[in-house]
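The values are calculated or read from the model by the stated rules, or taken from the named source; none is laboratory data. Computed from a prediction, not measured in an experiment: that's the story for all the values here. Positions of Cβ are generated from backbone atoms using ideal geometry, with glycine treated the same way; all protein chains shown enter the neighbour counts.
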2 protein chains.
Amino acid sequence: VHALVTDLLAGSTRAAARVMRAVDDRLPGYETLLEQVFPHTGTAAVIGITGSPGAGKSTLVDRLIDRFRLRGKVGVVAIDPTSPFSSGAILGDRIRMQRHFGDADVFIRSLATRGALGGLSRAAADTARVLEAWGAGVVLLETVGVGQDEIDVSRVAASNVVVTTPGLGDDIQAIKAGILECADVFVVNKADRDGADVTVRDLEAMLALGQSVTETRRGHAPALPLETKAPEPELWRVPVLKTIATRDEGLDAVLDALDAHRSWLATTAEGARRLRARIEHELVSQLSAGLIYDALSELSQAIRDSVTAIQEKRSDPYCARRELAAAFEARRRIDPLGE
Amino acid sequence: VHALVTDLLAGSTRAAARVMRAVDDRLPGYETLLEQVFPHTGTAAVIGITGSPGAGKSTLVDRLIDRFRLRGKVGVVAIDPTSPFSSGAILGDRIRMQRHFGDADVFIRSLATRGALGGLSRAAADTARVLEAWGAGVVLLETVGVGQDEIDVSRVAASNVVVTTPGLGDDIQAIKAGILECADVFVVNKADRDGADVTVRDLEAMLALGQSVTETRRGHAPALPLETKAPEPELWRVPVLKTIATRDEGLDAVLDALDAHRSWLATTAEGARRLRARIEHELVSQLSAGLIYDALSELSQAIRDSVTAIQEKRSDPYCARRELAAAFEARRRIDPLGE
């Protein structure tokens, strides 16, 4: 075992930071570090927290850290959008968490989004594992917004909290199925504002509706062959909770709900299925990313030629796709080592 | 040439609907239809329009249809989110476009989102081509929100309009780099509301900032090998325009901006580069989707076994990924026809 991993497992903050940097920069041997870290992971509570900017999410996370801190070390992965535009504002927002930076038992790690090919969820999963090996019993994955990046990250977390506020009707309308379906706990923050009860009722109605109509959802595109429809499980009823994070109100109920969800995961067949699905998702997305990378590297000239042919109307995207797939196959046949 | 395609090219609305259904349901021979349609496409203005629900986008689209209608046939692809929760509201929103349903020269086609593997952008691209073959000189691709789906669809459009409203500060903060970077025209609708000028200035400042800091963006994940950084092009200066769609104010300027963008695309090297990038993106994303589908179909049992091994700590995601990639390679070697 690498000395860095030994130090990490002994709880060294410095070792944790060095391992994360090695992983981040893909320094030689970083995969060995992750392989050695892996056996020491899998028991921490990995909790995703997402919601629109302005929902008071940072204050809420801050209050949750306070509480989880009483149980031991806490890890936070704060995921910044790629945007050069909003990063200022969002980092500013994170200042509300800043007082925890002085606490040696709270490790806050920022991740920039990694764009394509599952890079972000991979980075989030790896960082969460390093934080767990460092000793965190709880790892919070904080994301901003309700887009694909957040859905990807939510698949790394075992429990997901989605934060909204009263009166964000448009916001709720904009919440995509993906994030609604991954929410294990809903929080309506700023619950002292007008319309909090209406928002709670709306969310509850949406959740009730969602559970009955999901089955009939449209879409003919081929699903991933691995995504088999599970039989109706012991259902987790998603609670909708009101908080006023700035006044530290309602947070205990959020903690209770997260604890209940954790024990539901640990004790039901559906919980076991979800764990398997998480592992499978990580494996499949990383495998796919590697495959695409290889194929595009190998075919880059052929793709450029096809684009020109399409542009000049000598080909079309449908033929070209078939030809490129055949070329990828053929290269393997001629040169079985793929070199 | 298939009789349906002949009818489509003659402008038959019925043939257009039938071709779209064949493509949608992947009926036998649908790719042949698309291949026969393709040579008759590439000159229509394909315009993406996106923005949060509540920004008044549907009214704006309605007004744009009025204007484009004066030039000939218009196609609209209205892209619904997958969500069973929000579809009601958004379809309700679309009722504002309804009066055009009676117009034989406006074809409005709804698409549900197709989830994974580039299904949505493929459906949008195919539908836009059928609409162009039917005779539409303009095809509007209307999406809701600013997430990954919308970014994917925006890559199908040649020109993209992003709609926002005054006072949606959080909204602007939430706009991801991807959608900001794909905006060719910004519209601040409901410009009679307080703060319209502030919103315009904010957007202009973001755009100015974006152009200088994009270069320094972080992220170490391997980029797709095809995504090479282009040299500084003849820049398109993204205009920020005020409209009051309900009173039909400001729409002519939007039309002018779209016309200017279209002629910029047609006359500059950067415009030609963008056209190439659009073709390349379509080809690469469809090729990747096919590859992943094949690999996952072939490896499904091996993946299930790996998940079990990881769960039982006999393996880890890093080893398992390498082993699966090697297995995919090996199968090809043993069984070169991949059967």
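Taking every residue in the stretch B:299-327 that is within 7 Å of another protein chain (Cβ to nearest Cβ) and pairing it with any residue that is of a type in the set (Phe, Trp, Tyr) and surrounded by 16 or more Cβ atoms within 10 Å (Cβ to Cβ), at least 6 positions away or on another chain, the pairs with Cβ-Cβ distances below 6 Å are B:ASP316/A:PHE38. Taking the criterion of being within 11 Å of chain A (Cβ to nearest Cβ), surrounded by 20 or more Cβ atoms within 10 Å (Cβ to Cβ) and not in a loop (DSSP other than H, G, I, E, B), the only residue of the stretch B:39-54 that qualifies is B:GLY51.
Residues of the stretch B:98-134 being at pLDDT below 85 and outside any helix (DSSP H, G or I), which ones? Lay out the reasoning, then the answer.
In the first step, residues of the stretch B:98-134 are kept if they are at pLDDT below 85; the result is B:98-104, B:110-121.
Result: B:ASP103, B:ALA104, B:SER110, B:LEU111, B:ALA112, B:THR113, B:ARG114, B:GLY115, B:ALA116, B:LEU117, B:GLY118.
For B:ALA289, the conditions (1) out of contact with any helix residue (DSSP H, G or I) (no Cβ under 7 Å at 6 or more places or on another chain); (2) more than 7 Å from chain A (Cβ to nearest Cβ); (3) more than 18 Å from A:ASP294 (Cα to Cα) are fulfilled apart from (3).
Can we say A:ALA174 is closer than 28 Å to A:LEU120 by Cα, modelled with pLDDT of 55 or more, small (Gly, Ala, Ser) and surrounded by 22 or more Cβ atoms within 10 Å (Cβ to Cβ)?
On the way: closer than 28 Å to A:LEU120 by Cα: yes; modelled with pLDDT of 55 or more: no; small (Gly, Ala, Ser): yes; surrounded by 22 or more Cβ atoms within 10 Å (Cβ to Cβ): yes.
No, not satisfied.
Selection within the stretch B:244-272: residues that are touching a residue at least 24 places away in the same chain (Cβ under 8 Å), more than 14 Å from B:ASP62 (Cβ to Cβ) and hydrophobic (A, V, I, L, M, F, W, C). The member of this set that is surrounded by the most Cβ atoms within 10 Å (Cβ to Cβ) is B:LEU258. The set of residues in the stretch A:36-61 being modelled with pLDDT of 90 or more and not hydrophobic (A, V, I, L, M, F, W, C) consists of A:GLN36, A:PRO39, A:HIS40, A:THR41, A:GLY42, A:THR43, A:GLY48.
Scanning the stretch A:247-268 for residues that are part of a helix (DSSP H, G or I), small (Gly, Ala, Ser) and either more than 14 Å from chain B (Cβ to nearest Cβ) or in contact with a strand residue (DSSP E or B) (Cβ under 7 Å, 6 or more places away or on another chain) (or both) gives A:ALA253, A:ALA257, A:ALA260, A:SER263. In the stretch A:9-21 there is at least one residue matching the filter, namely being without any contact (Cβ under 8 Å) to a residue 60 or more places away in the chain and either outside any helix (DSSP H, G or I) or within 30 Å of A:ALA257 (Cα to Cα) (or both).
Does B:ALA295 satisfy the criteria of being of a type outside the set (Asp, Glu), part of a helix (DSSP H, G or I), within 7 Å of chain A (Cβ to nearest Cβ) and closer than 30 Å to B:VAL156 by Cα?
yes
Return yes or no: is B:ARG278 more than 10 Å from chain A (Cβ to nearest Cβ) and at pLDDT below 95? No.
Just to verify a result, which residue in the stretch A:305-318, among those that are in a helix (DSSP H, G or I) and surrounded by fewer than 17 Cβ atoms within 10 Å (Cβ to Cβ), is modelled with the lowest pLDDT? Once the filter is applied, the top-ranked residue is A:GLN311. When the test is whether a residue is part of a loop (DSSP other than H, G, I, E, B), modelled with pLDDT under 55, surrounded by fewer than 15 Cβ atoms within 10 Å (Cβ to Cβ) and on the phi < 0 side of the Ramachandran plot, B:GLU215 does not pass it.
Might you check whether a residue that is modelled with pLDDT under 95, more than 9 Å from chain A (Cβ to nearest Cβ), in a helix (DSSP H, G or I) and crowded, with 21+ Cβ neighbours inside 10 Å occurs anywhere in the stretch B:74-88? Within the stretch B:74-88 (the criterion being modelled with pLDDT under 95, more than 9 Å from chain A (Cβ to nearest Cβ), in a helix (DSSP H, G or I) and crowded, with 21+ Cβ neighbours inside 10 Å), the answer is no, since none of the residues qualifies. Applying the condition of being polar (S, T, N, Q) and out of contact with any Leu (no Cβ under 8 Å at 6 or more places or on another chain) to the stretch A:155-168 and asking which residue is surrounded by the fewest Cβ atoms within 10 Å (Cβ to Cβ) yields A:THR165.
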